[in-house]
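Here the structure comes first, spelled out in structure tokens, and everything after it is commentary.
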Amino acid sequence: MKDLKIPGALISQLSKVMDKSPPSQMANLLASVIETTFDEKLEMLETTDLKVRLRRVNEWMTRQLHVLKITQQIQSNIDGKLDKKRREFYLRQQLNAIKEELGEKGDDSAAADGDDDELSELKRRLDAAKLSKDAQIVADRELKRLKKLHPSSVEWSVVRTYLDVVADLPWSKSSDDMIDIHRAREQLEADHYGLETAKKRILEYLSVVKVKGDLKAPIICFVGPPGVGKTSLGKSIAAATGREFHRISLGGVRDEADIRGHRRTYVGAMPGLIVHGMRKSGVKNPIYLLDEIDKIVQTSHYGDPAAAMLEVLDPEQNSTFTDHYLNIPFDLSKVLFIATANSIDTIPAPLLDRMEVISLPGYTFDEKLHIARTYLLPKQIKEHGLETNQVSIADEVLLKIIENYTRESGVRNLERTIASIVRFKCVEWADLSEADNADKYNEVVQEDDLENILGIQYFEKEIVQQAAIPGVVTGLAYSGSGNGGILMIEASDMPGEGNLQLTGSLGDVIKESAQIALTWVKAHAYTLKLTSSPTINLAEKRDVHIHFPAGAVSKDGPSAGIALTTTLVSLFSGRSVPPTTAMTGEITLRGRVLPVGGIKEKVLSAHRAGIRKVILPYRNRKDVSSDIPESIKQSIEFIYVKSIWEVLSAALIIDEHGKDLKTPWVTPRLESHL
């Protein structure tokens, strides 16, 4: 009775009862005190033979004492007499014995065995993953915790999910680089036309990897307008090297946890996009495409995801990248990160400093023609179920589509336009086939058919067709999306009090350029033969109004400085600048011309618009020599200037009837300034 942990007062009372009770009653009392099943108690009641009753009670008492002795032995072993594994074994044996006594062996035991098998499989996966030293310590600790938790508890599922993530990550598994420079060059040439700078840099990286055998992966950022092939270029690199390819779209990401993961204290915590991508790729050296990195939201109460990318894209730090969910350093130094952006203006400076920027400007007409002929037209014919010989478009027709229907930097709209033509021919083929007149089908698309298929042409070479008017000059603009465009500047004067009015959705910088231009013209009015005396105020009794058409489009920047000055000189002198002459550059108050950006985009847009002469700052020569295709250099005359006097001399100002004077408008006083 004492071994059963029964209170002493109750034991003394039971002892008195047993001393005074007959043997049969004592057997019933013992059967009720010790642990017996319902069937055993019922059997005791059914037995009338006294010896049999006592013998059975004696067996049950002996069994109970054995259980107590085993329990005491296990407890003493737990106190330190046995090692860890044997202690866990006896504890599990005790647990199974207790469940068996309680009649709970069935499904729960099978589930426990299943859990044991599941934990063994998880342990095998962790061992096969060849974890790092830090990861191995954490995994062993979490696995030990998992074994002590009940499978129905919430924490068990949290720990189990965490260990699954750790086991699935590629801690040591890498894909073999099948680097063949000739094959890589052919792959890039087959997938992309042009983009020579990007191809050159990629081949340089692959060559060094092949020679050295290993190289810290650079962080490349392709910057260019939409549709020029930034994303597909990353896929081509993966195909050329045989690496796994994973793409992450960062556009609109506003939570820092999307990059670095959630801490495991949160409900529904999960790793960030970086670790998730590594788990999905299955190797530690994939090619990561960080698409639209310039679209990351930077002002958010959820944190700054752009700042969270700093550790990811720093070659000196990403070997120990720590995700909040994992809380273990993970090596990203073998990953080839390729970022894409439309503009670097919205990328934070610290993040931009960690990347090697490669510009991918828009395509020229010739490049678009080659892309349409080689890639886009065969692709659309195949996607619409036609045979190659069922649609034929001549180069002249394709060129008209490019010039008059899809004036863009990339080729997405061009592909959609070609798809429209192929659909039109598909409908024509289906109608004739149903009428049994398939022999009347004409596969050739004529130039006259375009207006019927695509409608009235959207763009014209309006610059070439415009008449020369005093006070109207063509400037060049650059948009933040990587596109260039022409910028018409119009000026008019009227009787007034010398006020300057500016319209056209202009920003502060371009307004200041207009003020500087007017000040410079007024200061040099006598030298320009606009006044008869140096003391006369050119704009004393007249107001000047400068307007930039397309007033709904915001415009800003210093690039219109020389164009504004030329516009005012043209207005006051009555001489015109040819509409096929465009210019861009910043002007100072003393008349110096400073360099500007976006030269290639501006020149390409000028070429599309039919410009034949471009006036650029002298310090932008290197941009023309390195970035402008040779075909455009031959079709456009480039004039490099250092001062506004050279701009006015090179503008070839003609009279109000549009007649070219053949010689630059240079007076003797102007010559002294040149």
Legend entry - Pairs, first surrounded by 12 or more Cβ atoms within 10 Å (Cβ to Cβ) in region 497-509, second among the aliphatic types (A, V, I, L, M), C-beta under 6 Å, six or more apart: 498/539; 500/518; 500/544; 502/514; 502/546
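Which ones in region 330-377 are among the hydroxyl-bearing types (Ser, Thr, Tyr), within 16 Å of the chain's Cα centre (by Cα) and under 22 Å from residue 190 (Cα atoms)?
Matches in region 330-377: 340 only.
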Legend entry - Selected residue (criterion: nearest to residue 223 (Cα to Cα)) from residues of region 399-413 that are crowded, with 23+ Cβ neighbours inside 10 Å and hydrophobic (A, V, I, L, M, F, W, C): 411
Legend entry - Matching residues in region 241-269 - criterion: being of a type in the set (A, V, I, L, M) and more than 18 Å from residue 290 (Cβ to Cβ): 267, 269
Inset, instruction - From (1) part of a strand (DSSP E or B); (2) modelled with pLDDT of 85 or more, pick out the condition that doesn't hold for residue 513. - result: (1)
Legend entry - Of residues in region 324-349 being over 18 Å from residue 259 (Cα atoms) and among the charged types (D, E, K, R), the one modelled with the lowest pLDDT: 345
Inset, instruction - Go through 603, 614, 596, 624 for me and flag whichever is under 26 Å from residue 409 (Cβ atoms), assigned to a loop (DSSP other than H, G, I, E, B) and within 43 Å of the chain's Cα centre (by Cα). - result: 596
Legend entry - All positions within region 12-51 that are surrounded by fewer than 13 Cβ atoms within 10 Å (Cβ to Cβ) and β-branched (Val, Ile, Thr): 17, 37, 48
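Conditions (1) buried (at least 18 other Cβ atoms within 10 Å of the Cβ); (2) over 30 Å from residue 197 (Cα atoms); (3) at pLDDT below 80; (4) not aliphatic (A, V, I, L, M), marked per residue:
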site: 622; (1), (2), (3), (4): no, no, no, yes
site: 626; (1), (2), (3), (4): no, no, no, yes
site: 630; (1), (2), (3), (4): no, no, no, yes
site: 633; (1), (2), (3), (4): no, no, no, yes
site: 640; (1), (2), (3), (4): no, no, no, yes
site: 645; (1), (2), (3), (4): yes, yes, no, yes
site: 661; (1), (2), (3), (4): no, yes, yes, no
site: 666; (1), (2), (3), (4): no, yes, yes, no
site: 669; (1), (2), (3), (4): no, yes, yes, yes
Inset, instruction - Kindly provide the set of residues from region 380-417 that are of a type outside the set (S, T, N, Q) and not in a helix (DSSP H, G or I), ordered by number. - result: 384, 385, 386, 387, 391, 393, 394, 405, 407, 408, 410, 411
Inset, instruction - Output the number of the condition that residue 369 fails; it satisfies all remaining conditions of (1) over 30 Å from residue 279 (Cα atoms); (2) part of a loop (DSSP other than H, G, I, E, B). - result: (2)
Legend entry - Search result, residues across region 307-343 that are touching a residue at least 24 places away in the same chain (Cβ under 8 Å), among the hydroxyl-bearing types (Ser, Thr, Tyr) and in contact with a Ser or Thr (Cβ under 7 Å, 6 or more places away or on another chain): 333, 340, 343
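Go through the residues of region 314-326 one by one and say whether even a single one is outside the structural domain of residue 138 (by TED's automatic domain parsing), under 15 Å from the mean Cα position of the chain (by Cα) and crowded, with 21+ Cβ neighbours inside 10 Å.
Within region 314-326, the first condition is being outside the structural domain of residue 138 (by TED's automatic domain parsing), and the residues that meet it are 314-326.
With the extra rule that they be under 15 Å from the mean Cα position of the chain (by Cα), the set shrinks to none.
No, the conditions are met nowhere in region 314-326.
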Legend entry - Residues within region 550-578 that are part of a loop (DSSP other than H, G, I, E, B) and surrounded by fewer than 24 Cβ atoms within 10 Å (Cβ to Cβ), tallied: 11
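Which residues, taken from region 261-280, are under 19 Å from residue 247 (Cα atoms), out of contact with any Pro (no Cβ under 7 Å at 6 or more places or on another chain) and in contact (Cβ under 8 Å) with a residue 24 or more places away in the chain?
If the condition is that a residue be under 19 Å from residue 247 (Cα atoms), out of contact with any Pro (no Cβ under 7 Å at 6 or more places or on another chain) and in contact (Cβ under 8 Å) with a residue 24 or more places away in the chain, then 270, 271, 272, 273, 274, 275, 277, 279, 280 are the ones that fit.
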Legend entry - Considering residues of region 126-178 that are polar (S, T, N, Q) and farther than 20 Å from residue 332 by Cα only, the residue nearest to the chain's Cα centre (by Cα): 161
Inset, instruction - Please determine, by comparing only the residues of region 414-437 that are farther than 18 Å from residue 374 by Cβ and in contact (Cβ under 8 Å) with a residue 24 or more places away in the chain, which one is surrounded by the most Cβ atoms within 10 Å (Cβ to Cβ). - result: 425
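How many residues does region 448-488 contain that are assigned to a helix (DSSP H, G or I), surrounded by 14 or more Cβ atoms within 10 Å (Cβ to Cβ) and modelled with pLDDT of 80 or more?
Going through region 448-488 one residue at a time, the tally reaches 4.
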Legend entry - Residue, nearest to the chain's Cα centre (by Cα), within region 232-260, restricted to residues that are of a type in the set (Ser, Thr, Tyr) and surrounded by fewer than 17 Cβ atoms within 10 Å (Cβ to Cβ): 249
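Among the residues of region 91-135, count how many are among the small types (Gly, Ala, Ser), modelled with pLDDT of 75 or more and part of a loop (DSSP other than H, G, I, E, B).
To start, the set of residues in region 91-135 that are among the small types (Gly, Ala, Ser) comprises 97, 103, 106, 109-112, 114, 120, 128-129, 132, 135.
Now restrict to residues that are modelled with pLDDT of 75 or more: 120, 128-129, 132, 135.
Now narrow it down to the ones that are part of a loop (DSSP other than H, G, I, E, B): 129, 132.
Adding up the residues that qualify gives 2.
The values are calculated or read from the model by the stated rules, or taken from the named source; none is laboratory data. Here the structure is a predicted model, which is why all the values come from computation and not from measurement. Quick reminder, even Gly has a Cβ in these numbers, built from the backbone with ideal geometry, and neighbours come from all protein chains shown.
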